[in-house]
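To start, the structure under review is shown below, and the notes come after it.
Taken together, the values in this text are just the output of simple stated rules run on the coordinates, not laboratory data. Please read these numbers as outputs of a predicted model, since none were measured by experiment. When we count neighbours, we look across all protein chains shown, and the Cβ atoms used for this are built from the backbone with ideal geometry, even at glycine.
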Amino acid sequence: MTTNPKLQSYIQKESFFKAVVEDGSDIIFIVYYDGTILYHNPAVHHVMGYPVNSLVNESFFDYLDPEIVESFKIKFNECLKFPYSKNIEFRFRKADQTYQYLEFNAINLKHKEGLKGLILDCRDITQLKEDAEELFRAKLAKEQFLANMSHEIRTPLNGIAGMVNLLTDTNPTEEQQKYLSAIKNSTDNLKVIINDILDLSALESGKLKFEKIGFRISDIVPQVIEMFLPQAKEKGIELNSDFVPGSEVVLLGDSVRLSQILINLISNAIKFTYEGMISVNAKISKKINKIAYVQIDIKDTGIGIPDEKLEIIFDTFTQADESVTRKFGGTGLGLSIVKQLIDLQNGSIYVTSAENIGSTFSFTIPYEVGTETDLIIDARSENNRKRVNTLPGMKVLLVEDNDINRMYAANIIKNWQCEVNEAENGLICLEKHKKNNYDIILMDIQMPVMDGFETTISIRKSFESPKSEIPIIALTANAIKGDNEKCLAIGMNDYLSKPFLPEELFNILTKYYTHHEKSGTDNEKLSVQKKSSEKMAKSAKGRCTDLSYLESISNNDTKFVKEMISTFVETTPDIIDQMKSALEKNNFESLGLLAHKVKPSLTFMGIHSMKDTVREIEVMAKENREPKRVKELSDIFFSEIHKSITELRKKLKEYS
C-alpha cells in the first residue's frame with residue numbers, strides 16, 4: 001500500500017478541516033442534545049447573514065419557523081437514537097428575518113465519541129422546494145383545466161344525447177332511426193374518448209383498466225364505419241371495410257377501446273384525404289393456443305406523411321407539420337392515445353406512408369378467444385328501449401342550472417310516472433326541500449349561487465331527520481379521477497356522469513324507490529301540459545333566430561318546439577339582467593359563469609351569430625382579461641338577444 005506524505009501532512013495540519021468545514025459552502029452546526037448551538041462554520045454568515053460565531057450558545061430551535069418547531073423536535077429527537085440520520089427538512093430564519101429551506105444530514109457524536117451532540121451538515125434546498133411547488137401548482141392548474149374541460153364538453157353532450165333519446169321515442173321513420181342510431185353511437189364513443197383524455201395520466205402510466213367482455217370485430221368495425229359514412233360522402237370519398245373469413249370469431253376484450261382506436265384512425269384518414277378511398281381491412285392474423293391476434297389495416301389515398309416525421313407522429317401533442325394544426329385543427333393527442341391503448345393491450349402499431357399517395361396504419365392486438373355465451377346483450381336494444389318502466393308516485397327534486405338538460409331529465413323522469421320539481425341552483429333547492437317532501441334529489445355539481453357540494457353539505461348539517469338523510473345523487477359533468485370520490489365523501493349517496501342514458505338514470509332511481517300511493521295532495525305540483533298547435537313556419541331571411549335545427553331534431557313536434565321556446569324566453573331575460581349587473585360591478589367571474597349558462601341554448605334557438613360572441617365573453621371574463629373588450633362584446637350580445645327574444649315571443653303567438 002502506498003502513502004502520500006504531503007497528503008498525510010495536509011490532513012494532520014487540519015488543512016483538510018479548514019478547506020471542507022471552515023471554507024466549505026455547506027452550513028455546519030454542532031449542537032447539544034437540547035438544541036444549544038456549540039459551533040457553526042462561516043457559511044452561516046455567507047448564506048444566512050449572521051456574524052461569525054454569533055449563534056453560539058443560542059438555541060437552534062429559536063431560529064426555526066414557528067409553524068414547524070413541534071414537528072421538527074420530533075424528528076430531531078429521533079436523530080438522537082441513531083448514529084446517522086439524513087434528509088431532515090426545516091426552515092431556518094435568516095438575519096433579514098426571512099426563512100430559508102434547508103436540509104441536514106446528522107452525525108451523532110455519542111456513538112463514536114461518547115459526546116451528547118450532533119454534527120448537522122446542512123444544504124440549501126430552496127430551489128428544489130420552489131421547483132416542487134411550481135410542479136404542484138402546475139398539477140393543480142392541469143387538474144382544474146381538465147375539470148373545466150370535462151364540464152364544458154359533457155354539458156352540451158348531455159343535451160345532444162338527451163334530445164336523441166327523446167326523439168327516439170317519437171316513432172321516427174326507418175331512415176330517421178338510422179340517423180339517430182349513428183348520433184347515439186357517436187355520443188357514446190365521444191363520452192369514452194372524453195374519459196380517456198381526462199384520465200390521460202392514468203393512460204400514460206399504464207394504470208388504465210380494460211374490460212373483458214365478448215365481442216366480434218365483424219360487429220365493431222361496421223358500427224364505426226357507419227358513423228363516418230355521412231362525412232365521407234360529403235367529401236366524395238369511398239369508405240369501405242373488408243373481413244377475411246374467420247373474423248367473426250368471438251373475442252374477449254375491451255370493444256369500446258377498440259372502437260376508440262378505430263375512431264381516431266378513421267377520423268384522421270378522412271381529415272387528410274381529399275379524394276379516392278379509405279379501406280378498413282380486418283382479419284385474425286394468427287392464433288396461438290387460445291389467443292387470437294386481430295390485425296386491422298386502415299389505408300387511405302390522402303396527403304401522406306414525410307419520412308422524417310413517421311417516428312414522431314405517435315408522440316403526445318405532435319402532428320406531422322405545424323401547419324396541420326392551423327389548417328385541420330386537433331390537439332395532436334389522437335395518435336398518442338391510440339398507441340398507448342394498443343401498447344397497454346400488448347399490441348403493436350406501425351405506419352407506412354408516401355407523400356401525396358397515402359398512408360396505411362396497421363395495428364395488431366391479441367385477444368383471448370371466447371364463446372357465444374360471452375356475448376352480452378346491448379342495454380340499448382330495441383326491446384329494452386320499448387319496455388315500460390314506471391316508478392309511480394316517486395317525488396324527485398331535479399337540481400340543474402342548464403335549461404335544456406333540466407328539460408330533458410324532467411321529461412324522461414315524468415315518463416316513469418314520477419312527480420318532478422325543478423330547481424336551477426342549490427339555494428332554490430334548499431328552499432324547496434324545506435317546503436316539500438321528496439324521495440330523492442338529483443343534484444348537478446357546477447351551478448351558480450350555490451353549487452352541488454355546498455348544497456349537499458347544508459342539507460346534511462342543517463336539516464333534521466328524515467330530510468337530512470334524503471338520498472342525493474350527483475349528476476356530474478366533471479368525471480375526472482377523484483370527483484366521484486369527492487361526491488361520496490361530502491355525503492352524496494351515488495353519482496351519474498353526464499351524458500347519461502335513460503336506463504342508467506332509471507337504475508339509479510330504482511335503487512332508492514319505495515312504492516307510493518298517488519294522493520295528489522302535494523304542496524307543489526308542476527304543470528307541463530302544453531296545447532297542440534300548428535306547425536311552425538320556416539324562419540324568414542333577416543331574422544335573428546333560425547328554428548330549422550330545432551324543428552329537424554324534433555321531427556316538427558310543435559309541442560316540444562313550443563316548450564323549448566317558452567323556456568328560453570322565460571328564463572333568458574333574467575340571465576341577461578344578471579349579466580348586466582355583474583358587468584356593472586366588474587364581477588367578471590360571475591359574468592363568465594352566466595355566459596356559460598346561456599351558451600347551450602343559442603344552438604337550439606338558432607342564434608348562430610352570437611355563439612362565438614358569448615364563447616369569447618365567457619373565456620375572457622373567466623380569465624379576467626381585456627375588460628373593455630368584454631363590455632363591448634356584452635353590449636352587442638345583449639342587443640342581439642333582446643331582438644331574438646322579441647322574435648321568439650311573436651313566434652309563440654303562432655301556436656295559440
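Is the shape of the stretch 20-124 best called rounded, prolate or oblate, per the rule: a/c under 1.5 gives rounded, else a/b larger than b/c gives prolate, else oblate, with a ≥ b ≥ c the square roots of the Cα gyration tensor eigenvalues? Oblate, because a/c is 1.5 or more while a/b does not exceed b/c.
Charge dipole of the stretch 235-288 (Cα centre as origin; +1 on each Lys and Arg Cβ, -1 on each Asp and Glu Cβ, all else neutral): 200 debye, rounded to the nearest 20. Counting Lys and Arg as +1 and Asp and Glu as -1, each charge on the Cβ, what is the dipole of the stretch 548-653 about the Cα centre in debye, to the nearest 20? With Lys and Arg at +1 and Asp and Glu at -1, about 160 debye.
Which of LYS112, LYS235 comes first, and how do the rest follow, when ranked by fewest Cβ neighbours within 10 Å?
Numbers: LYS112 9, LYS235 13.
With the fewest neighbours first, LYS112, LYS235 line up as LYS112, LYS235.
Look at the dipole of the stretch 548-653 built from charges on Cβ: of VAL561, HIS608, MET579, the Cα furthest out on the positive end belongs to VAL561.
Summary of packing: across the peptides 591-597, 450-456, 127-133, the per-residue average of other C-beta atoms within 10 Å ranks them, highest first, as 591-597, 450-456, 127-133. For the stretch 579-619, the equivalent ellipsoid derived from the alpha-carbon gyration tensor has semi-axes of 20, 9, 8 Å in decreasing order.
When the Kirkwood radius is taken over all Cα pairs of the stretch 548-653, what Stokes-Einstein diffusion coefficient follows at 4 °C and 1.567 mPa s, in µm²/s? Please report the intermediate quantities before stating the final value.
Working: Rh = 14.2 Å.
For these conditions, the coefficient is 91 µm²/s.
When +1 charges are put on Lys and Arg Cβ atoms and -1 charges on Asp and Glu Cβ atoms, the dipole computed for the stretch 20-124 relative to its Cα centre reaches about 360 debye.
Pairs of lysine residues in the stretch 548-653 that meet both criteria, 8 or more places apart or on different chains and Cα atoms under 12 Å apart, total 6. This ranking places ARG91, ARG460 by how few other beta-carbon atoms lie within 10 Å of each, fewest first, which gives ARG460, ARG91. Computed from backbone phi with θ = phi - 60° and the Karplus coefficients 6.51, -1.76 and 1.60, the 3J(HN,Hα) list for the stretch 396-412 is 10, 9, 9, 10, 7, 8, 8, 4, 5, 5, 5, 5, 4, 4, 4, 4, 6 Hz; x is used for glycine and proline. Sorted ascending by nearby beta carbons within 10 Å, beginning with the fewest, HIS642, HIS40 become HIS642, HIS40. Summing Lys, Arg as +1 and Asp, Glu as -1, what charge do residues with Cβ under 12 Å from the Cβ of GLY491 carry, GLY491 excluded? Charge balance near GLY491 sits at 0. Rounded, prolate or oblate for the stretch 388-511? Axes are the square roots of the Cα gyration tensor eigenvalues, ordered a ≥ b ≥ c, and the cut-off for rounded is a/c under 1.5. It comes out rounded by the Cα gyration axes.
Taking Cβ atoms as reference points and 9 Å as the exclusive limit, the residues near SER359 contribute a net charge of 0, counting Lys and Arg as +1 and Asp and Glu as -1.
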